[in-house]
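First comes the structure, then the notes that go with it.
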Amino acid sequence: MVSVAVVDATEPGNVGTIARSMKNFGLDELLLVNPPELDPEGEAYGFAGQAREDVLPEARELTFDELVTEYHTVGTTAVTNEDATKHVRYPFQTPAELADDLAGIEAETAVVFGRERVGLTNDELARMDQVCSIPASDDYPVLNLGQAANIVLYELRDLTVDETQHPDERHERADQQAVEGLNDQFAEFLKDIGHPEEKRSKAARLWRRFVGRAHPTGREARTLRGIFRKAGQRIERAESDGPDEVE
């Protein structure tokens, strides 16, 4: 339901970069208002990556009037107004807020990006249904056109990407029995190294809290237990061999 429109871009490479970002985040309809020439042997296709196979060659050229008539439009801008007394660039939403808002809208929507140097004009923004702005440094909020598109489309990914390359389970915490075994192993390690008995309880508690925050995986827990076990064995051998045999 989400398309991307680029108004009056002058650099073919920027159009290609936006097409690639669309491909990354699951969008396929690219709308171009007064675009530069997009030579299949030029920068646009060179920057588009795999989007050169579909998104870019299938881009639709249309007028600005057609754009605002056919789509629910979201204009993007770096410079915003502070309050409703100047309403052309106000109210505005961040990309994350826009994603939440669009999730409840069933309409053909176009996120509209403007020119490289000046973006969308006030007259163009006045015809947008919504306005979006990326939070950035007050000293220099203006982003490169391709960068801006990457950020906005990334934030919209939950609306446009059905499945990512990431596994469903990105962190499988060790079961509690394994975690308790690790804590017990650490307690034995404290004895092996001769840690003062009166301080062992506090050290064990600090360790437990540390592990509790870390949420180790099963492999991490097993590896740490193995390290503590081998350290304890070496200490025992060194003690049995006597001080003269210790390296």
**Asked** Okay, helix-only estimate at 222 nm for the chain: each DSSP H run of n ≥ 4 adds -39500 (n - 2.57), divide by all residues, round to 500 deg cm²/dmol; what do you get?
**Response** -13500 deg cm²/dmol
**Message:** Keeping all protein chains in the complex and leaving out DNA, RNA and ligands, what accessible area do you get for Glu108 with a 1.4 Å probe, in Å² to the nearest 10?
**Reply:** 90
**Asked** Put +1 on the Cβ of each Lys and Arg and -1 on the Cβ of each Asp and Glu in the chain; which of Gln93, Pro57, Met128 then has its Cα farthest toward the positive end of the dipole?
**Response** Gln93
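Let me check I've understood the local charge: for Gly218, count other residues with C-beta under 9 angstrom from its C-beta, Lys and Arg +1, Asp and Glu -1. What total comes out? Kindly include the intermediate steps, with their values, before the conclusion.
Values: positive: Arg173, Arg219, Arg222; negative: Glu172, Asp175, Glu220.
After counting each charged neighbour, the total is 0.
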**Asked** How would Asp39, Asp100 line up by accessible area, probe 1.4 Å, largest first?
**Response** Asp100, Asp39
**Prompt:** Tell me, what ³J(HN,Hα) does each residue in segment 187-202 have, in order and in whole Hz, if you take phi through Karplus 6.51 cos²θ - 1.76 cosθ + 1.60 with θ = phi - 60° and put x for Gly and Pro?
**Reply:** 4, 5, 4, 4, 5, 4, 8, x, 4, x, 4, 5, 9, 5, 4, 5
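Ranked from the most accessible area to the least, with a 1.4 Å probe and all protein chains present, what is the order of Tyr45, Tyr140?
Details: Tyr45 35, Tyr140 165 Å².
Descending accessible area places them as Tyr140, Tyr45.
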**Prompt:** Using the Karplus equation 6.51 cos²θ - 1.76 cosθ + 1.60 (θ = phi - 60°), what ³J(HN,Hα) coupling, rounded to whole Hz, does each residue of segment 212-229 give in order, writing x for Gly and Pro?
**Reply:** x, 7, 7, 6, x, 6, x, 5, 4, 5, 5, 5, 5, 4, x, 5, 4, 5
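Suppose every Lys and Arg Cβ carries +1 and every Asp and Glu Cβ carries -1, with no other charges. What dipole size does the chain come out with about its Cα centre, to the nearest 20 debye?
On the way: 27 positive and 49 negative charges, 334 e Å.
About 1600 debye.
Restricting to Cα atoms and excluding each atom paired with itself, what does the Kirkwood estimate give for segment 1-126 in Å?
Details: mean 1/r = 0.0661 Å⁻¹.
About 15.1 Å, per the Kirkwood formula over Cα pairs.
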**Item:** Rg/Rh ratio calculated on Cα atoms of segment 1-66 (Kirkwood radius)
**Value:** 0.93
**Asked** What figure in square angstrom, to the nearest 10, would you give for the accessible area of Val79 with a 1.4 Å probe?
**Response** 80
**Prompt:** What are the ³J(HN,Hα) values, in whole Hz, obtained from phi via the Karplus relation 6.51 cos²θ - 1.76 cosθ + 1.60 with θ = phi - 60°, for each residue of segment 110-125 in sequence order, with x given for Gly and Pro?
**Reply:** 10, 8, 10, 10, x, 5, 4, 8, 10, x, 8, 6, 4, 5, 5, 5
**Fill in**
In a Gaussian network model of the chain with springs linking alpha carbons closer than 10 Å, the residue among Glu97, Glu220, Glu11 that fluctuates most is Glu220
**Prompt:** Ranked by accessible surface with a 1.4 Å probe, highest first, in what order do Glu163, Glu180 come?
**Reply:** Glu163, Glu180
**Request:** Return one number: the angle in degrees, 0 to 90 and rounded to the nearest 10, between the long axis of the Cα atoms of helix 145-155 and the longest principal axis of the Cα atoms of the chain.
**Result:** 60
**Request:** Mind counting lysine pairs for me in the chain? Cα separation below 23 Å, and the two need to be 8 or more apart along the chain or on different chains.
**Result:** 4
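Mind ranking 145-153, 65-73 by how tightly packed they are, going by the mean number of other C-beta atoms within 10 angstrom, highest first?
Details: 145-153: 21.6, 65-73: 16.4.
Highest mean packing first, the order is 145-153, 65-73.
Scan the chain and hand back the longest stretch that contains none of the trypsin sites (Lys or Arg not before Pro) lying in DSSP loops with at most 14 other Cβ atoms within 10 Å.
Numbers: sites that count: Lys86, Arg117, Arg170.
Result for the longest clean stretch: 1-85.
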**Prompt:** With every protein chain in place, what's the accessible area of Asp123 (1.4 Å probe, Å², nearest 10)?
**Reply:** 120
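The values are calculated or read from the model by the stated rules, or taken from the named source; none is laboratory data. Only a predicted model underlies this, so the values are computations on that prediction, with no experimental measurement involved. We place every Cβ from the backbone using ideal geometry, glycine too, and count neighbours over all the protein chains shown. Each accessible area value is taken on the protein alone, full model and side chains, heavy atoms only, with ligands, DNA and RNA left out. Shrake-Rupley method; radii C 1.70, N 1.55, O 1.52, S 1.80 Å.
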